[in-house]
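The values are calculated or read from the model by the stated rules, or taken from the named source; none is laboratory data. Note that the structure is a prediction, hence the values are computed from the model and not measured. Neighbour counts run over all protein chains shown; Cβ positions are idealised from the backbone, glycine included.
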């Protein structure tokens, strides 16, 4: 019985440590800057590692031509590019945190908690 209590205490300690590491990971991702590009960098979208968009830049050449359909297509491509980069960065940092251990469903769970791409951690 006492051994089980010791195991339970150890498990809670490990959970607290992991929680602290997750907070640091989230802050690190929030501070990370990634750029998605489209049209040979005519459209650039900057986001943090959590996938939150920070800025959008459209080259003046595109604005002069005012081909709004092309601009919209390039914006979608740039957003998709930076979102993919944020997901890659997030997964790489999670892999580092877990020592490469694949924890099925962890990314989805963290996203629902607002701690990963698709989440809204602030």
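A few points about this structure:
- Of residues in the range 17-44 being within 22 Å of the chain's Cα centre (by Cα), surrounded by 15 or more Cβ atoms within 10 Å (Cβ to Cβ) and without any contact (Cβ under 8 Å) to a residue 60 or more places away in the chain, the one farthest from residue 89 (Cα to Cα): 43
- Output for the range 70-98, where each listed residue is under 14 Å from residue 34 (Cα atoms) and in contact with a strand residue (DSSP E or B) (Cβ under 6 Å, 6 or more places away or on another chain): 78, 79, 81, 82, 85, 86
- The residue that is surrounded by the most Cβ atoms within 10 Å (Cβ to Cβ), among those in the range 45-74 that are in a helix (DSSP H, G or I) and either modelled with pLDDT of 95 or more or touching a helix residue (DSSP H, G or I) at 6+ places or on another chain (Cβ under 6 Å) (or both), is 71.
- Residue 111 being in a helix (DSSP H, G or I) and modelled with pLDDT under 80: yes
- Screening residue 90 with (1) crowded, with 16+ Cβ neighbours inside 10 Å; (2) over 18 Å from the mean Cα position of the chain (by Cα); (3) closer than 17 Å to residue 22 by Cβ gives one miss only, at (2).
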